[in-house]
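First comes the structure, then the notes that go with it.
The values are calculated or read from the model by the stated rules, or taken from the named source; none is laboratory data. A quick note: this is a predicted structure, and the numbers were derived from the prediction, not measured. Cβ atoms come from the backbone with ideal geometry, glycine included; neighbour counts cover every protein chain shown. Surface accessibility is based on the protein's heavy atoms, side chains included, excluding ligands, DNA and RNA. Shrake-Rupley method; radii C 1.70, N 1.55, O 1.52, S 1.80 Å.
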Amino acid sequence: MVIPISVALVVIFVGLVYKAIKPPDPKICGSIGGPQVKSPRVKLSDGRNLAYKEFGVPKEEARYKIIVIHGYNSSKDQTLAVSQELVEDLGIYFLHFDRAGYGESDPHSSRSVKSEAYDIQELADKLEIGDKFYIIGMSMGGYSVWSCLKYIPHRLSGAALVAPFISYWWPCFPDNLLREAFQMLPQSDKWTFRVAHYAPWLFHWWMTQKWFPSLTLTNMLSPDDIEIVKSLSELPNTSQERITQQGEYESLHRDIMSAFGKWEFGPTEIANPFPDNNGSVHIWQGFEDRIIPYTLNRYISHKLPWILYHELPHAGHLFLFKKNECESIIRALLLSPDISE
């Protein structure tokens, strides 16, 4: 009698564990019972769809073409704080898109740092925006920029990393610098990033369990960030609920697992994509950023002298959403002087 009961208890326990760690099935846009498709999309070679939004002058008339890469818990509908006057004066075409699993872009079960670059390349080709283009990546979208610099540098005219993501498992950082930066994180965030890196198969459980806090990014805003959030909250926003409409696991969770997972390279191993000074790469970092430690991005820029590093003394993490800062970033990217001068 004891053995059958023990076996039954083990089976029940295993079933409960499996149910807890198994991610839910995604609600694919356009599928039966899934969210509606309301935006234009392109079909990639693997059958997935990427949703996009165009802004600025028509691409056929544009002097500059910029692909904008959104950050964590964001989408193609997060517009840049840039004036129509600047857009028309410089002749800029912007291409925003939902990264895999976000908004109306299909999830990608094999999503990785590398796949980000090839999604961007194929999107550009499908929309025929030309052989070369600029990219701007904000926050978590920064790892997509690093991916492009590594895997498709020949397609780039220039790149801007704005308050870019850093991984605490990149081997390029000195131990003391990395340890100091990691200790600045809330305990809950440390564990979240550890689970994403060492045990991604547990990540769904970790992010949905109620015993311990998992991620507290909203509690890490600087005074400047708080003011920006207040101003953004006053604007009409009908797209926020669509960001994770296919499931938080397919959007937010896969984003973190891809970013903090194992990389095939470190940023300091990337070669200068513009050895002939026919383009430029920029890092923009807020000194008061409480989400991304300035010390780490400053270190990367010192190791890669071909990167133009801009540190804003009073800025936090969200300065891209301020008009003056946003336009400065765009002007520097498009009109940057020869860095050899």
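Tabulated results
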| item | result |
| --- | --- |
| Listed candidates [x] 21.1; [y] 21.9; [z] 23.2 - label of the one calculated as Kirkwood radius over Cα pairs in Å | [x] |
| Accessible area of segment 42-334 divided out per residue, in Å², using a probe of 1.4 angstrom | 42 |
| Over the chain: helical MRE at 222 nm, DSSP H runs n ≥ 4 each giving -39500 (n - 2.57), nearest 500 | -10500 deg cm²/dmol |
| Pairwise FRET efficiency - SER45 versus THR79, Cβ, R0 = 30 Å, nearest 0.05 | 0.55 |
| Relative contact order (%) - criterion: Cα under 8 Å, at least six apart; region: the chain | 20 |
| Under 5 Å, built H, 5+ apart or other chain: amide partners of TYR309 | ILE283 |
| Carbon/sulfur fraction of accessible area - the chain, other protein chains in place, 1.4 Å, % | 56 |
| Computed label-point distance, nm, for sites LYS126 and GLN240 using a 7 Å Cα→Cβ extension | 2.9 |
| Principal-axis tilt of helix 323-335 within the chain, Cα atoms, nearest 10 degrees | 70 |
| Gain in span if fully extended, SER328 to LEU177, counting 0.36 nm per residue against the direct Cα distance | 51.4 nm |
| Length released on extending from GLU61 to LEU202, taking residue separation times 0.36 nm less the Cα-Cα span | 45.9 nm |
| Residue-by-residue Karplus 3J(HN,Hα) for segment 278-294, coefficients 6.51, -1.76, 1.60, Hz, glycine and proline x | 9, x, 8, 10, 10, 10, 10, 9, x, 5, 8, 5, 9, 9, 10, x, 4 |
| Residue (of GLY137, GLY286, PHE182) at the positive-pole extreme of the chain, dipole from beta-carbon charges | PHE182 |
| Computed FRET value (nearest 0.05) for ASN277 with ARG298, which takes r as the C-beta separation and R₀ as 22 Å | 0.45 |
